[in-house]
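*Asks:* What follows is a structure written as structure tokens; I'll ask about it next.
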Amino acid sequence: MATRVFADGDLARLREFPEISREELFRYFTLSPADAAFIDPGRGRGPADRLGIAIALCTLPWLGFVPDRVVGAPPVAVARLAEQLKVDPTEIGSYGRRAQTRTEHLRLVARYLGWRSAGAMEFKELDEFLLARAMEHDSPTLLFRLGCEYLISARVIRPGPVSMVERIAHAREQAQRETYDRLAYEFTPARCVELDALLVTDASLGVSRLRWLSTGPVEASAAAVRAEVDKLAFLRGLGADRLDMSVLPAERRRFLATMGRRLTPQALERRDPQRRYPILLTVLAQSGSDVLDEVVALFDQAISAKFGAAERKMQQELAERGKSGEDRQALLDDLLTIVTDPTVADEEIGALIRGEKIGWERLRAALAQAKPRLPRDHGRLAALDSSYNYLRQFTPAVLESVRFAGGTAATELLIAVAMLRELNATGRRKVFDDAPAGFVPTKWRGYLDHARKSGSATAYRHYWELCVLLGLRDGLRSGDVFVPGSRRYADPATYLLTADQWKPQREEFCRLVGRAADPGVALAAVVAELQAALGELETVLAEGGGPVRLDEESGDLIISPLSAEDVPAEAVSLKAELTEMLPFAPIVSLLIELDKRTHYLDCFTHRGGQATRSPELNAT
């Protein structure tokens, strides 16, 4: 069983001393006076025994166990202990030739340090710990490391690696059974049929529904938005939006969902129901929120793409407009030259403009080149109107399938969204007379006013609908509008402590920050602090010439820039010295070294389910 997790070579290394870092050397292999007295009681122990006991004394807190081959301890650690004990480091070669000696010394060291061997109670507590961690993480190597850290914190001597791996395997099996038991109420016969149907190839799609749900869009197009809306409708038909998976830890849910998306339908079919159904149910629940987020994100991206194209189009038109207006600009310069010339009488200005200085022909040519005045946004919304029919290919479906909510700042916008949803459902073309427009920015209101004055219901509908869609996009980005059931666009208030959560923490928080828990007392203290600060400001202003003063002419408040504090030369020198001591490490090498020490990459899975390309790099 152990060899399924660790190879024979890995198991052998787990029984021996690993490499030791400089920090570990100084942290664990430094003897206190009490340690030295324990090691050398004054009689009965030779140099080899003292050095061997010292290694066991320092190794137990470091590794959580003492390897059988004490003579295999890192040479730097042996040398450091030998120096402290004033013995020859080579004496370690003759230590522990009798196993009974090593066992007796380990017993003495454990009793001195307050450690104990693992018994029935300790194994029971370890199994409970491993089960709790296995519900969060399924990686055997990670569970092995967490188990070792737990034993060290509990001061329990670690059993052999084979025993640890067997208990980890048992904990993983228990976690699988516990997962199924917690979700058993969901696995009705009808639900199991629906979950199994996800693995069957759908004739209309050409792939299984599971693969269809796991395949995301490649572009923000109208077709992609409609496809995601279809997924959302399918998931809601299965009740994915109503599934409560809170009985499982978040890490467990993430692991099961990742496994479900990585494995093929055939591989999932071969798994027994107790393992297959929790995976499929988690994928279903996870897809419910993921697809909802994807629909809203594609809605944002598709609208922004067309609005960006409209902006680029208007920038090009403005550039052309500027080029074609050069003659009119030159005419304006000549007109200003005549009008502002003090030597030209007022009654002569008209004759000069129409006559020899400019002439009728030039004036008529400039008048023929005149173009309509641009609105406040320079025509960007009008340019976006050319994409109105494209936007109509997906925006009604998004508004119908997604429910939006928000705070008071988005009240009018949400009313407008509800009205637009009703217009789409009923096929009505004219906007309701009481449709709100207060959410429309000033730069776009001119479009609505002009369309209303001209009596064009179609133009008003277009511009009002575009304003609603753009306002909804901006509201989602700012957080004024949120989507119930979404993770990416969730209500910002959900990130705050509720009143019930805050109540037990309030006293402790106020004590830590030095504030009164009574709001009346706290407000009075703030008012007193403000009055004191205002009094100091009045004194500074009255004196004048300070860093804060009033301008004598305008009466404006002038605040001078703050002067920087001088940094002592000793601090500069110390900083430079410390900087030189820091080794240069490329980021890639640093990540690889960090993984060797912590194995943090074991928590990651290749996004395509492929094997890693290099044994030294576990993730790509």
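*Asks:* Look through segment 170-190, keep the residues that are within 20 Å of residue 239 (Cβ to Cβ) and in contact (Cβ under 8 Å) with a residue 60 or more places away in the chain, and return whichever of them is farthest from the chain's Cα centre (by Cα).
*Replies:* For segment 170-190, the residue satisfying everything is 187.
*Asks:* Filter segment 434-457 down to residues that are farther than 19 Å from residue 414 by Cβ and part of a loop (DSSP other than H, G, I, E, B) and give me whichever is nearest to the chain's Cα centre (by Cα). If you could, list the steps in order and put the result at the bottom.
*Replies:* From segment 434-457, those farther than 19 Å from residue 414 by Cβ are 442-443, 445-447, 449-457; that's our starting set.
Imposing the further condition that a residue be part of a loop (DSSP other than H, G, I, E, B) reduces the set to 455-456.
Working: 455: 49, 456: 47 Å.
Among those that are farther than 19 Å from residue 414 by Cβ and part of a loop (DSSP other than H, G, I, E, B), it is 456.
*Asks:* Kindly provide the set of residues from segment 222-253 that are over 24 Å from residue 403 (Cβ atoms) and in contact with a helix residue (DSSP H, G or I) (Cβ under 8 Å, 6 or more places away or on another chain), ordered by number. Reasoning before the result, please.
*Replies:* Within segment 222-253, the subset over 24 Å from residue 403 (Cβ atoms) is 247-252.
Residues satisfying the conditions are 247, 248, 252.
*Asks:* Considering only segment 344-364, I want to know if a residue exists there that is of a type in the set (Gly, Ala, Ser) and touching a residue at least 24 places away in the same chain (Cβ under 8 Å). Can you show your working first?
*Replies:* Just the residues of segment 344-364 that are of a type in the set (Gly, Ala, Ser), to begin with: 345, 350-351, 355, 359.
Add one more test, that the residue is touching a residue at least 24 places away in the same chain (Cβ under 8 Å), and what stays is none.
No - not one qualifying residue is present in segment 344-364.
*Asks:* Restricting attention to segment 283-302, does a residue exist that is open to solvent by less than 20 Å² (accessible area, probe 1.4 Å), out of contact with any strand residue (DSSP E or B) (no Cβ under 9 Å at 6 or more places or on another chain) and farther than 21 Å from residue 216 by Cβ?
*Replies:* Checked against the condition, which is being open to solvent by less than 20 Å² (accessible area, probe 1.4 Å), out of contact with any strand residue (DSSP E or B) (no Cβ under 9 Å at 6 or more places or on another chain) and farther than 21 Å from residue 216 by Cβ, segment 283-302 yields no hits at all.
*Asks:* When residues of segment 384-401 are filtered for being open to solvent by 10 Å² or more (accessible area, probe 1.4 Å) and closer than 17 Å to residue 314 by Cβ, how many remain?
*Replies:* So the first thing to find is which residues in segment 384-401 are open to solvent by 10 Å² or more (accessible area, probe 1.4 Å), and the list is 385-390, 392-393, 396-397, 400-401.
Adding the requirement that they be closer than 17 Å to residue 314 by Cβ leaves 385-388.
So the answer is 4.
*Asks:* Please verify whether residue 49 is closer than 14 Å to residue 109 by Cα, acidic (Asp, Glu) and assigned to a helix (DSSP H, G or I), treating the condition exactly as stated.
*Replies:* So residue 49 fits the description; yes.
*Asks:* Moving to a separate point now. Name the residues in segment 39-60 that are open to solvent by 40 Å² or more (accessible area, probe 1.4 Å) and either among the aromatic types (Phe, Trp, Tyr) or within 22 Å of residue 117 (Cβ to Cβ) (or both), would you?
*Replies:* Residue satisfying the conditions is 49 alone.
*Asks:* Now, a different point. Scan segment 581-599 and tell me whether some residue there is of a type in the set (S, T, N, Q), over 30 Å from residue 14 (Cα atoms) and surrounded by 10 or more Cβ atoms within 10 Å (Cβ to Cβ). Step through it out loud before you land on a result.
*Replies:* Restricting attention to segment 581-599, the residues satisfying the condition of being of a type in the set (S, T, N, Q) are 589, 598.
Applying the additional criterion that residues be over 30 Å from residue 14 (Cα atoms) yields none.
Within segment 581-599, none of the residues are of a type in the set (S, T, N, Q), over 30 Å from residue 14 (Cα atoms) and surrounded by 10 or more Cβ atoms within 10 Å (Cβ to Cβ).
*Asks:* I'm trying to understand the selection: among the residues of segment 470-501, which are among the hydrophobic types (A, V, I, L, M, F, W, C) and open to solvent by 90 Å² or more (accessible area, probe 1.4 Å)?
*Replies:* First, the residues of segment 470-501 that are among the hydrophobic types (A, V, I, L, M, F, W, C): 470, 472, 476, 481-483, 490, 493, 496-497, 499.
Passing the criteria: 496, 497.
*Asks:* List the number of the failed condition for residue 553; all other conditions in (1) in a helix (DSSP H, G or I); (2) open to solvent by 100 Å² or more (accessible area, probe 1.4 Å); (3) not hydrophobic (A, V, I, L, M, F, W, C) hold.
*Replies:* (1)
*Asks:* Examine segment 298-317 for a residue that is free of Cβ contacts under 8 Å to residues at least 60 places away in the same chain and aliphatic (A, V, I, L, M), and state whether such a residue exists. Let's see the steps before the verdict.
*Replies:* Step one: filter segment 298-317 for residues free of Cβ contacts under 8 Å to residues at least 60 places away in the same chain, giving 308, 312, 315-316.
Applying the additional criterion that residues be aliphatic (A, V, I, L, M) yields none.
No, segment 298-317 has no match at all.
*Asks:* Taking residue 127 as the residue in question, decide whether it is of a type in the set (Asp, Glu), open to solvent by less than 50 Å² (accessible area, probe 1.4 Å) and over 28 Å from residue 67 (Cα atoms). Reasoning before the result, please.
*Replies:* On the way: of a type in the set (Asp, Glu): yes; open to solvent by less than 50 Å² (accessible area, probe 1.4 Å): yes; over 28 Å from residue 67 (Cα atoms): no.
Considered against the rule, which asks whether it is of a type in the set (Asp, Glu), open to solvent by less than 50 Å² (accessible area, probe 1.4 Å) and over 28 Å from residue 67 (Cα atoms), residue 127 comes out as no.
*Asks:* Let me ask you something else. For segment 390-407, which residues satisfy the criterion of being under 26 Å from the mean Cα position of the chain (by Cα) and small (Gly, Ala, Ser)? Spell out how you get there, then give the answer.
*Replies:* Pass one, segment 390-407, residues under 26 Å from the mean Cα position of the chain (by Cα): 398, 402-407.
Scanning segment 390-407 gives 405, 406, 407.
*Asks:* Moving on to the next point. For a quick check of your reading of the model, give me the residue pairs whose first member lies in segment 82-106 and is charged (D, E, K, R), whose second is in a loop (DSSP other than H, G, I, E, B), with beta-carbon atoms closer than 6 Å and at least 6 apart or on different chains.
*Replies:* 102/96
*Asks:* Only one residue in 118, 99 is small (Gly, Ala, Ser) and open to solvent by less than 40 Å² (accessible area, probe 1.4 Å). Which one?
*Replies:* Details: 99 fails: open to solvent by less than 40 Å² (accessible area, probe 1.4 Å).
It is 118.
*Asks:* Could you check residue 371 against (1) surrounded by 12 or more Cβ atoms within 10 Å (Cβ to Cβ); (2) in contact with a helix residue (DSSP H, G or I) (Cβ under 8 Å, 6 or more places away or on another chain); (3) touching a residue at least 24 places away in the same chain (Cβ under 8 Å) and say which number it fails?
*Replies:* (1)
The values are calculated or read from the model by the stated rules, or taken from the named source; none is laboratory data. If you're wondering where the values come from, they're calculated on a predicted model, not measured in any experiment. Backbone-built Cβ (ideal geometry, glycine too); neighbour counts: all protein chains shown. Protein only, heavy atoms only, side chains kept; ligands, DNA and RNA dropped before computing areas. Shrake-Rupley method; radii C 1.70, N 1.55, O 1.52, S 1.80 Å.
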